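The values are calculated or read from the model by the stated rules, or taken from the named source; none is laboratory data. Please read all numbers here as calculations on a predicted model, not as lab measurements. Every residue, glycine among them, receives a Cβ derived from its backbone with ideal geometry; neighbour counts consider all protein chains shown. Protein only, heavy atoms only, side chains kept; ligands, DNA and RNA dropped before computing areas. Shrake-Rupley method; radii C 1.70, N 1.55, O 1.52, S 1.80 Å.
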Amino acid sequence: MQDQLERLPVPAPSPARPGMSKPVVSYRLPEALAELLSKLPPYPASWLFVQGLNRLLAPQLPDDVRRSLEGRSLRLRLLDAGIAFDFEWQGTVFVAERYADVPDLCIAASVHDLMLLARRQEDPDTLFFSRRLSLEGDTELGLLFKNTLDAIELPPFDLQALGPRRVLAHLRDRGAREG
């Protein structure tokens, strides 16, 4: 899967804007794919998303971050895909939620920019100050998110862990431990 992610199309950078040191890369999902993704029901998509978070991110979270996240509502919006994932930290795992109201923190970016973050090819500050990453809501929670991303040791994510067989095996093992 890592190989597949590294083969994602990377567009040629557009010219730098006045006052900016780096060219701005604007990659968006193909319109047909974005339209299809935007039609997905929100809760099952959030459930799938948190399974990935629990495999990749949850084991790396320090105890103080876990305590700060407890019961806080979070939303990740994929701007170009037209979808959002609602979730929160409960005890030892992320749990999918169904929020009708505004969450405590909403993180928004394009799929491409989030992949750059996950692959450590871009840092949150650069994306934030170039207006490619948006953090809305609780400022302290937003800083916790940013600082946690900065502090995670490389490699940040084992993308192989998202393979369907490994995710299903993990869920089966977790169910056996809890049940």
Exercise. Carbon and sulfur atoms: what percent of the 1.4 Å accessible area of region 26-179 do they account for?
Worked result: 56
Exercise. At His170 and Ala32, where each label point lies 7 Å from the Cα along Cα→Cβ, what is the point-to-point distance in nanometres?
Worked result: 3.2
For this session: Kindly write out, for region 170-177 in residue order, the coupling ³J(HN,Hα) from the Karplus curve 6.51 cos²θ - 1.76 cosθ + 1.60 (θ = phi - 60°), rounded to whole Hz, with x marking Gly and Pro.
Result: 4, 5, 5, 5, 5, x, 5, 5
Exercise. Considering amide H positions built from the backbone, and no H for Pro or chain starts, which residues 5 or more places from Arg72, or on another chain, come under 5 Å of its amide H?
Worked result: Trp89
Exercise. Peptides 103-112, 127-136: what's the order by average Cβ count within 10 Å, highest mean first?
Worked result: 103-112, 127-136
Problem set entry | Other-chain or far-sequence residues with amide H under 5 Å of Leu133's (modelled H) | Phe128
